[in-house]
Every structure is written in structure tokens, then in C-alpha cells.
Amino acid sequence: MTQKVDAPLDPARRNQPARNRYAERVRRLQFRIAKACKEGKWRLVKNLQRLLTHSHAAKVLAVDRVMTNQGKNTPGVDRIVWKTPGDRQKAVESLTGGGYKPLPLRRVYIPKRNGSLRPLGIPTMKDRAMQALHLMALIPVAEVTADKDSYGFRPKRSAADAIEQCFSALARRCSPSWILEFDIKGCFDSISHDWLMTHISMDKGILQKWLKAGYIDRQRLFPSQAGTPQGGIISACLANMTLDGLQEELKRHFPVKSKVNLIRYADDGVVTGVSKELLERSVRPVIENFMRERGLELSQEKTRVVHITEGFDFLGQNVRKYGKNRKKLFITPARKNVQSVLRKTGDFLKKAQAYPQETVISVLNPILRGWGNYHRHVVSKHRFGRVDHAVLIMLWRWARRRHPTKRETWIKDRYFQRIGPRKWVFATPPNGKGTPKHVLFNVADIPIRRHIKIRKDANPFDPAWTEYFEKREQLKRSGNGRISFLGQVQEATHTLIKKAAGFLRKKGAS
């Protein structure tokens, strides 16, 4: 009798049960930290945080995060990158607080949309792992003390939640009509070190070492006088904790009838109010005083007061009221955001003149799909169609530049195929089965699915909310419930409109 031998598991699958056990141990400690924080037992919080940062399970998860995220191949000033299992084991053993001294950050610059450069500080692999380790102990405290309507860089929250909160605050007839848009000038680079050392509940020695590590720019060492470097794993959490408390500050100064509501995503935010004077003369000074205590100030260029009929851009979406008496609120992809994805597509096609068609499709598909999925929760169908049309024109020009001596019919047959009712589909020629192997993604095919906003009090580190988050994950994976229903209604309506338009064209032609 022959015995069946199972195929060997790959290393990632073989270590997965151990990782799950480690994650469960860390999660239980995080639950205890959140409970102690909620009860105000800060000595217990400190002891539990120390227990977590010294546990082997947390160290393994911290190293795994650094070795698997997008920056895993980007070194710090020491030019060291962890890649092998041996590197992983040595890294886990090196994560000890005794004698730890972080190295300076490697300063790099990335372009911003306004043409200026944004400085980023890249820590070494070991410093990133230490930040990830201490972040696991700090994030439960940050979630307990966070503002209810803060949605940026927080677990289980997203930009879609912030946009849905804008709709809830502004959609009704009795909703406030004036909005204060604000942006913090150099938020990450300006936070007061003294404020962080006084108010952040974590190992003060480790925190001070990170804040004073400095950075190397063009082979010169510069000291860090203020701020937390934009680019570190823990930086977003520290910035969020610095800004938390603004919502309670506004509630303390303004009654409910003033309709002052804060919606914040990291360092970008909007505040609603019943009048322009209220926002300019009362609300803005309160925000400025709050920021000043933390070493921050509002950006004069990006902070303004607008009426809801004028509209405003927030997180790549445009929020504005339309219709008779301006009572209907629509949230659409912002014009600048549409121009950004088209500019990105055009810049790539200029460089891709000699690229094969399948390479062009493989690069453009993630760009178009990612952009469309981000905007699928708002009124986007019309903009989706415009983006598809603009991309089609750019691809037609790209194909004509490749073959300046060929006829247009030859170019169309070579690069554009007919799939179903669509005649102009950018795709490779059909294979033996008659179907193209590489097809450009059509953004208009994405169904509109309304996002169900997370409940304000939901805390992923509170066992009472575990079932709630599990149901949200199931709903997201399966597409059942309200999300799927609204998407089906939207698709059906879109289909009926297209059929009616076709009928009218035929009738006019006859």
C-alpha cells in the first residue's frame, strides 16, 4: 500500500498558524490596554504597554510588517534591507530597548500637486521595526482618546467614512450652509516636541530618541527641533493624537443650535456652521488657539469659508448643493482629481511610445481601477464615462504616433477590438479562442455602491464591538445588504437610460 505524501508548504503558509497565534496574543494585550485607558488606570496602561513591547509575538509581527510593506526594499541611511529568513530572525532578536539608539533619517523629497516638494524622512529597517512595535502598544490608547469624527490613518476607518459624514452633516434642508475648510501648515514638521513628551502615553525615553534623531540631507546631518518625520510608521498616529481633542473643544465653546460640526481626515478638515461670521470670527480663533498650543498653525492659502452652493473639495471629492433652491446635495469626483488621473495617464503614454500594447494595458489597468474604486461610493457615473472617453482619445493618438505611415483602419483593427456592443475597446488581437488576452479596464463598468459609514463609537480594541466589525467585513466581502442593493439599482437605472437613448436615436434616424 502506497502512502500519499503531501506537497511541502511554502514558508509563508508554513508560518501562518504561528503568526495567527502571535496576532491573537497581541490583540488580547491591546484589548486590556484599551480597557485600562477607558477606566483611567494609566499606571496599568504603562505596565501593559511594556509587557506588549517586550513580548516575542509583538516583535515578530513588527518585523513582518516592515519586511512585507511597500517600502520593504527602501533602505535608510545604513543602506541595509532585510530580505532573508536569517535577517528576520536577527531583527527579532535585536528589538530590545536597552542600549537602543535610532539612526538619523534619510531625507528625500517627493513632488506635490502645487509644484513644491514634500520632505519625507526614511528610517532604517530596525528603527521602522521599533516604531511598529511601539505603535502596537500606542494605537489602543489613540483609539480610546480619538475624536469621534476623525477618520484619517485609523484602523477600520477610511476616506469614504469621512465623505459619508459630510453627506450626513450637509444633506438635509435644515443642515448648515457654511463650511470652514482648513489645512495645517507643515503639520508633521511643526508639532511641538514638548507637547508630545507631555501628552503621549508611551515609553518617553524611546519617544525622545526618535524625536531628536535628526536627519541627513545631501550628506549633512541636521538636528530635529520640532515635528515628527513624515514617513515613519508611528508618525501618523502621533499626529492624530496631537489633533485629537479639537472636536470636544468646539463642543465646549458652541451650542448645538450653532450647528458646528467637525469632520477631520489627518491634517485636513472641515467645520460647518450656520453663518459666515460665526466661522470667521468665532470658530477659526478657537481652532487657531488649539493649534498654537501644539506648535501648529493653519495654512492661510488653504483655509477659507465657503457656502454650500459654491461647493468645496475634500479628499478628492467635490461637495456641493444643486437644483431648485439649492437643496440637493451631490458629492462627485473633484475636477482636480479627474485631471490628476488623466495627467498621470498622459505622462505615462508619452514615455511608453515603444512599449508593447500588453505592457501599456498592464500599467494603466491598476491606475484606472484604483481611481474608480476610490470614487465608486459617490455620484461618479458621468465622470467615469468622461475619463474612459479621454483615455480612449489619448490611446488613439498614442497608436497613431507609433504608426505614422499606416491608415487609420489598419490602426483601429490592430489596437482596438469589438467586445459585445462596444466597438472601440483597447485590447490585444484575439487569440485562437477569439477573445483578447489583454483588455483595458473600463472605469464606467464599476457599479456605484453607497458606503455604510462606520459608527462613531466603534472601537476595534473593544471586545464589545468585535461582532460589529466581523459583520462589516462579511458585508464588504459578500456584497450583500444595502451596498449591493443600491449598486444593483444604480446599474439597472444606467441600463434603462442607455436603452432609452438608443431607442430615441433609432426613432430620429427613421
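Values computed for the structure shown
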{"item": "Förster-model FRET efficiency, 35 Å R0, H54 and T84, C-beta, rounded to 0.05", "result": "0.85"}
{"item": "CD proxy at 222 nm, helix term only [per DSSP H run n ≥ 4: -39500 (n - 2.57); per residue of the chain; nearest 500]", "result": "-15500 deg cm²/dmol"}
{"item": "Computed label-point distance, nm, for sites F222 and E280 using a 7 Å Cα→Cβ extension", "result": "3.7"}
{"item": "Per residue Cα convex hull volume in Å³ - calculated over the range 173-249", "result": "139"}
{"item": "Dipole magnitude of the range 117-211, debye to nearest 20 (Cβ charges: Lys/Arg +1, Asp/Glu -1, about Cα centre)", "result": "160"}
{"item": "Proximal lysines relative to K437, as straight alpha-carbon distance under 22 Å, when same-chain residues fewer than 8 apart are discounted", "result": "K412, K423"}
{"item": "Qualifying lysines (Cα of each under 28 Å from Cα of K471; at least 8 residues distant if same chain)", "result": "K35, K38, K148, K156, K453, K456"}
{"item": "Carbon plus sulfur fraction of accessible area for the chain, probe 1.4 Å, in percent", "result": "52"}
{"item": "Gain upon complete extension [Q474, K437; 0.36 nm per residue less C-alpha separation]", "result": "10.1 nm"}
{"item": "The range 64-148 shape via C-alpha gyration tensor axes, a/c threshold 1.5", "result": "oblate"}
{"item": "Probe 1.4 Å, protein heavy atoms only - accessible area per residue of the chain in square angstrom", "result": "56"}
{"item": "FRET efficiency, 1/(1 + (r/R0)^6) with R0 56 Å, evaluated for F153 and R401 via beta carbons", "result": "0.85"}
{"item": "Per-pair calculated FRET efficiency, R0 = 22 Å: N73 and S94 via Cβ, rounded to 0.05", "result": "0.65"}
{"item": "Extension reserve of the I419-A171 stretch, reckoned as 0.36 nm per residue once the Cα distance is removed", "result": "85.3 nm"}
{"item": "All aspartates and glutamates inside 19 Å of K90 as judged from Cα atoms, apart from same-chain residues fewer than 8 positions distant", "result": "D64, D78, D127"}
{"item": "Signed unit charges on C-beta, dipole axis of the range 265-420, positive-most listed residue S380, L368, A399", "result": "A399"}
{"item": "For the chain, size of Cβ-based charge dipole, Lys and Arg +1, Asp and Glu -1, in debye", "result": "2100"}
{"item": "Signed unit charges on C-beta, dipole axis of the range 6-119, positive-most listed residue S94, V63, L117", "result": "L117"}
{"item": "Shape call, the range 40-187: gyration tensor on alpha carbons, a/c limit 1.5", "result": "oblate"}
{"item": "0 to 90° range, to nearest 10: angle between helix 466-478 axis and the chain longest Cα axis", "result": "20"}
{"item": "Given (1) 174; (2) 237; (3) 276, the label whose value is volume of the Cα convex hull per residue in Å³ derived from this model", "result": "(2)"}
{"item": "Among P140, S168, S150 the positive-end extreme of the charge dipole of the range 133-194 (Cβ point charges)", "result": "S168"}
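The values are calculated or read from the model by the stated rules, or taken from the named source; none is laboratory data. In this text the structure is predicted, and so the values were computed from the model without any measurement. Heads up, the Cβs are rebuilt from the backbone with ideal geometry, glycines too, and the neighbour counts pull from every protein chain shown. These accessible areas exclude ligands, DNA and RNA; they are computed on the full protein's heavy atoms, side chains included. Shrake-Rupley method; radii C 1.70, N 1.55, O 1.52, S 1.80 Å.
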